[in-house]
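Colleague: My questions all concern the structure below.
Where a number appears in this text, it was derived from the coordinates with a stated rule and is not lab data. On a predicted model such as this, the values are computed, not experimentally measured, just so you know. Here the Cβ positions follow ideal geometry from the backbone for every residue, glycine too, while neighbour counts run over all protein chains shown.
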Amino acid sequence: MMRKLYTAHGPLMFHQSGGCCDGSSPMCYLAGEFRTGASDVLLAQLAVADIAEPVLFWMGREQFERWRHTHLTVDIVPGRGGGFSLEAPEGVRFLIRSRLLTDAEDAVLNR
């Protein structure tokens, strides 16, 4: 799906706000379309095969503070997602799967 969206739209980014409803799902936008600022944390630069640029994954700082002890995986499932997310017309939606960090992972990531 990421390659399809990239081909159709160009460079991509994610933002996870942590709000209710659509805000609890990661939203996929054109890179730079969603304005990030001091209230956001850059979590990762996702490498996707056949996409030259990394896909930046941002999260609202408040949500990050709640989830900082979890390993997050961006997944995609059938169903209708957020109306502003690029995958919405495709009949799929992005979601986050999570697990608690191991003690070793937590020690490295949350020093």
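Colleague: Would you please give the residues with an amide H less than 5 Å from that of residue 12, counting only those at least 5 places away or on a separate chain, with H modeled from the backbone geometry?
Modeller: Amide H neighbours of residue 12, under 5 Å, 5+ apart: 31.
Colleague: Run the helix sum for the chain: -39,500 (n - 2.57) per DSSP H stretch of 4+ residues, divided by residue count, reported at 222 nm to the nearest 500 deg cm²/dmol.
Modeller: Helices in the chain give a 222 nm mean residue ellipticity of -5000 deg cm²/dmol.
Colleague: Give me the Kirkwood hydrodynamic radius of the chain in Å, from all C-alpha pairs, to one decimal place?
Modeller: One decimal place: 14.6 Å for the Kirkwood radius.
Colleague: Can I ask one more? Placing +1 at every Lys and Arg Cβ and -1 at every Asp and Glu Cβ, with all other atoms neutral, what dipole size does the chain have around its Cα centre, in debye to the nearest 20?
Modeller: So the dipole magnitude of the chain works out to roughly 120 debye.
Colleague: Per 0.36 nm of contour for each residue apart, how much would the distance between residue 66 and residue 3 grow if the chain were fully extended, relative to their Cα-Cα spacing? Please list the in-between numbers first.
Modeller: On the way: separation 63, 0.36 × 63 = 22.68 nm, distance 3.05 nm.
My answer for the length gained is 19.6 nm.
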